[in-house]
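All remarks here apply to the structure that follows.
The values are calculated or read from the model by the stated rules, or taken from the named source; none is laboratory data. Values in this document were obtained by computation on a predicted structure and should not be read as measured data. Glycine also receives a Cβ, built like all others from the backbone with ideal geometry; neighbour counts cover every protein chain displayed.
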């Protein structure tokens, strides 16, 4: 981690009744703690305030482009040049949990994507995703588009975040495999070859939000069933 690193934080409210996801950025840091901007709620887009002792699970993308996570607590609140910040505890790096690229969280979602094959005999086309992750995506490929394994593609994906924020991600990707689903639709799995750290962070942040949403729905269903019982 370094100054400027974007953090994704998940927070479980007292009693474990609700899971919320937030985004923040590191302002300053040393070996014991890091100072972060007040977290922004990913659902509402509003700044949130936390008391000392609040606990989070933190995720970030390292310089090696691997996702790391660690538990953290709010140690104190302070101001830097009149800007309010939170001081989070930082465990030893040995306590960080790494997520290998092959284990990136993959979420099922239909997103608009523009695909430009680098082969000149294949025309650009637009389609939708079937699933996405920090390491790649799967897309619906019309039957008239002929792609081969290891073909190189340029892809642009629109990420609609809940707070009415849109991020446009560009990556170079490689065709890994194709599966024929229907007479006119083929599912093509793509792995990112080249993607900026910022764009990968946005992909991971989007998947992180979707994962939190899924946990929240599951938790609410469980609580509803338990209350009826």
*asked:* If I go through segment 151-186 residue by residue, how many of them are under 30 Å from residue 48 (Cβ atoms), in contact with a strand residue (DSSP E or B) (Cβ under 6 Å, 6 or more places away or on another chain) and either surrounded by 15 or more Cβ atoms within 10 Å (Cβ to Cβ) or not assigned by TED's automatic domain parsing to the domain that holds residue 137 (or both)?
replied: 4
*Hand me the list of strands (runs of 3 or more DSSP E) wholly inside segment 36-137 holding 2 or more residues that are in contact with a strand residue (DSSP E or B) (Cβ under 7 Å, 6 or more places away or on another chain) and at positive phi.*
none
_Inter-residue pairs, beta-carbon under 9 Å, first free of Cβ contacts under 8 Å to residues at least 40 places away in the same chain and in segment 159-171, second in a loop (DSSP other than H, G, I, E, B), 6+ apart_ = 167/161; 169/196; 170/196; 171/196
*Tell me, yes or no, whether segment 16-26 has at least one residue that is at pLDDT 85 or above, more than 15 Å from the chain's Cα centre (by Cα) and under 29 Å from residue 194 (Cα atoms).*
yes
_Of the conditions (1) within 21 Å of the chain's Cα centre (by Cα); (2) modelled with pLDDT of 80 or more; (3) surrounded by 18 or more Cβ atoms within 10 Å (Cβ to Cβ), residue 87 satisfies every one except a single condition; which number is it?_
(1)
*Search result, residues across segment 118-129 that are touching a residue at least 24 places away in the same chain (Cβ under 8 Å) and surrounded by fewer than 18 Cβ atoms within 10 Å (Cβ to Cβ)*: 118, 119, 122
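Do the conditions hold for residue 171, that is, is it modelled with pLDDT of 85 or more, under 23 Å from the mean Cα position of the chain (by Cα) and in a loop (DSSP other than H, G, I, E, B)? If you could, list the steps in order and put the result at the bottom.
Details: modelled with pLDDT of 85 or more: yes; under 23 Å from the mean Cα position of the chain (by Cα): yes; in a loop (DSSP other than H, G, I, E, B): no.
Taking the combined requirement at face value, the residue does not satisfy it.
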*Return the total of residues in segment 90-104 being at pLDDT 75 or above and surrounded by 15 or more Cβ atoms within 10 Å (Cβ to Cβ).*
2
